[in-house]
Amino acid sequence: YVNHIDMNIHTGGYSQRIEPAFDEDGKEIGEVLFYIGTADNKAYVDSPNDKDTAAIIAKSVGPSGKNIDYLHMLHSSIEELQIKDPHVENLVKLVDGLVKKTKSEPKA
């Protein structure tokens, strides 16, 4: 799966980085692989607030699928690791609210 994501990420304008990971006490515990989008990426959004980010996530689909599915997988993964991330939790709440609102609106 990582190889599939890796190919899609590189073609989408993201860079792969490996950096040290630290525990809550600041002790280095290994390395983490992450992807970073830069301003030269055509899909780059310059520092929007969570509400704007949620609106983008709710409607966006990339080569690996719906962004909302990726957000939910990320949220589930960090919960399994017992990591609290208020930013991710807020995005899930906002995106789910947008999806619920869209489903309840009458079709024109």
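The values are calculated or read from the model by the stated rules, or taken from the named source; none is laboratory data. Predicted, not measured: the structure shown is a model, and the values here were computed from it. So basically every Cβ, Gly included, is an ideal-geometry build from the backbone, and we count neighbours across all protein chains shown.
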Worksheet entry | Number of positions in the stretch 56-98 that are part of a helix (DSSP H, G or I), surrounded by 15 or more Cβ atoms within 10 Å (Cβ to Cβ) and small (Gly, Ala, Ser) | 1
Discussion item. Here is a check on your reading of the model: is residue 35 under 11 Å from the mean Cα position of the chain (by Cα), closer than 21 Å to residue 14 by Cα, modelled with pLDDT under 90 and not in a helix (DSSP H, G or I)?
Written reply: yes
